[in-house]
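Peer 1: This is the structure I want to talk about, given as structure tokens.
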Amino acid sequence: MSRLATIADAMNALREQLSKAHKPYAGARFRAAFLKEDSRFLTGSVMFGPEEVPSRPIADYGVLLLAEEWRGDWKEALNLLSQILSGEAGIAGRKIKAGFTCSDFDHRPATSYGMGTGGWSGWEMRSLYDPGPNLTQPYLHNSILGFGLRPYRGGNQAINDWVFDLQTDNPGGDVPYTNYLVTFFPDTRARIVSALWTPGKLNLGLEINISPEQFELQILHFGSARPPLVSPAQSGAIELEIPDDSRELLIYLVHREGDCIMSVHLRHVYGSFGHVPQDLIAKSRAESDLEKGEGDQIEFKSFISPQDPKESEIVETVIAFANTSGGRIYVGVADRDASPLGFGELRKAFKGSEKEALKLQADRLRLLISNRVAPTPRVVIEEIRIFDAPIVAITVEPGGQTHYDCQNNEVRVRRGASNLRPRPADGMIHSSEF
């Protein structure tokens, strides 16, 4: 770690580091927390990054003010940072009075998290702010609330999330990185842009800005007997095979000199990182489920028009999934061979274009579940295309209530690919006992 005694020393160190970048940064995101009562600076972060991050408006929590500002072009960002450290500027119009006394500059490994970097390695500078004598720490243990704003249990949770992109269950009152402005420059040699883990495979997006022969991917499969996977790295999209018995994945992008440039931890199947569209996750999950076929947590149904008697089968399956371990219903899929039925069959149930008809089917399913299942379980209904055909996916979460039933008090649980009346061992009230 290098101790930089003056602001000029700090800025020279930053300019030197920026001159070594293998790809220019798009700019930097400035964030800070202020005590509203006296506009005192509490803590802040400056994150240089590869893409622009839209700025949020100031969040006024009464006690706390949380501010954010994006500066495009790394030279403009560096100039603003110099002015902030010198007491000549602030963040999002909130002035930070002069008082930064010294800075520490050091390399940060990829195992450090926060500031929206995932597990990206790079260089960090912590600049110490002197707020003056006789200033005590603010009391931020109460809930942090503001009209139209996300609620927080306490100051520690609010500042960690807003300023440092760190999720914590600790409400606390302590200010993280108290009286520091933390500046981070991620390593521009390479990065993992995106990751999506679906059954049996891992799709990665990599960006490599120097010779790709200098990098390799190393992947640990927690819970699997298979040895770690070591694979060459290349810029662009990569698909890798993942053992089916894996419980978690830890992905490393390693330089030939031994540096870990980036690490990503995926904690479950369908876990993702980075810019992975939600519809791609739903599509990958559906493809895998259709390959597996119907079972404890998967059911296929044809498109169903309003008032069709088969609507009761949807209701029954939702109840069974909610009363057991949850599951997914795919509407628009033939149960005989797990093949999508296509737009022709959808048109028999609903009129209009493919998009309009699919939305009508999804809306009808939402109404059906909310009106005929009590209490209403947690469900997600998605309109997707799979194998070039439209379908609707209903994901039913396992319920937190004693049991779920329909209007006539019928209770169902899931066993195999069937919806059955519960047995005494299931611990639920049988429908005949109402």
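Peer 1: Out of 198, 178, which single residue is within 27 Å of residue 260 (Cα to Cα), of a type in the set (S, T, N, Q) and modelled with pLDDT under 95? Step through it out loud before you land on a result.
Peer 2: Values: 178 fails: within 27 Å of residue 260 (Cα to Cα).
It is 198.
Peer 1: Being of a type in the set (S, T, N, Q) and surrounded by 17 or more Cβ atoms within 10 Å (Cβ to Cβ) is the filter; apply it to the range 24-81 and report the residue that is nearest to residue 187 (Cα to Cα).
Peer 2: Here the answer is 45.
Peer 1: Residues being within 33 Å of the chain's Cα centre (by Cα) and either among the small types (Gly, Ala, Ser) or not assigned by TED's automatic domain parsing to the domain that holds residue 378 (or both): count how many of those fall in the range 335-352.
Peer 2: 3
Peer 1: Determine if the range 120-128 includes at least one residue that is surrounded by fewer than 16 Cβ atoms within 10 Å (Cβ to Cβ) and outside the structural domain of residue 207 (by TED's automatic domain parsing).
Peer 2: Scanning the range 120-128 turns up at least one residue that is surrounded by fewer than 16 Cβ atoms within 10 Å (Cβ to Cβ) and outside the structural domain of residue 207 (by TED's automatic domain parsing).
Peer 1: Is it the case that some residue within the range 274-292 is closer than 23 Å to residue 187 by Cβ, in contact with a His (Cβ under 9 Å, 6 or more places away or on another chain) and either of a type outside the set (D, E, K, R) or crowded, with 16+ Cβ neighbours inside 10 Å (or both)?
Peer 2: no
Peer 1: When residues of the range 253-273 are filtered for being farther than 21 Å from residue 385 by Cα and touching a Lys or Arg at 6+ places or on another chain (Cβ under 9 Å), how many remain?
Peer 2: Looking only at the range 253-273, we keep the residues that are farther than 21 Å from residue 385 by Cα, and these are 253-268, 273.
Checking which are touching a Lys or Arg at 6+ places or on another chain (Cβ under 9 Å) leaves us with 253, 255, 259, 261-262, 267-268.
Counting residues in the range 253-273 that are farther than 21 Å from residue 385 by Cα and touching a Lys or Arg at 6+ places or on another chain (Cβ under 9 Å) gives 7.
Peer 1: Could I ask something else about it? May I ask you to verify whether residue 261 is surrounded by 21 or more Cβ atoms within 10 Å (Cβ to Cβ), in contact with a helix residue (DSSP H, G or I) (Cβ under 8 Å, 6 or more places away or on another chain) and not in a loop (DSSP other than H, G, I, E, B)?
Peer 2: Criteria not met by residue 261.
Peer 1: Taking the condition within 17 Å of residue 187 (Cα to Cα), in a strand (DSSP E or B) and basic (Lys, Arg), does residue 3 pass?
Peer 2: No; evaluated as a whole, the condition is false for this residue.
Peer 1: While we're on this one: Among the numbered criteria (1) of a type outside the set (Gly, Ala, Ser); (2) on the phi < 0 side of the Ramachandran plot; (3) crowded, with 17+ Cβ neighbours inside 10 Å, which one does residue 169 miss?
Peer 2: (3)
Peer 1: Please work out which residue is farthest from the chain's Cα centre (by Cα), limiting yourself to the range 230-258 and to residues that are crowded, with 18+ Cβ neighbours inside 10 Å and not β-branched (Val, Ile, Thr).
Peer 2: Ranking the qualifying residues of the range 230-258, first place goes to 233.
Peer 1: May I pose another question? State whether the residues of the range 175-198 include one that is under 30 Å from residue 42 (Cβ atoms) and charged (D, E, K, R).
Peer 2: The answer is yes, given that some residue of the range 175-198 is under 30 Å from residue 42 (Cβ atoms) and charged (D, E, K, R).
The values are calculated or read from the model by the stated rules, or taken from the named source; none is laboratory data. Fair warning: this is a prediction, and the values are worked out from it, not measured in the lab. As a convention, Cβ positions derive from the backbone with ideal geometry for all residues, glycine included, and neighbour counts pool all protein chains shown.
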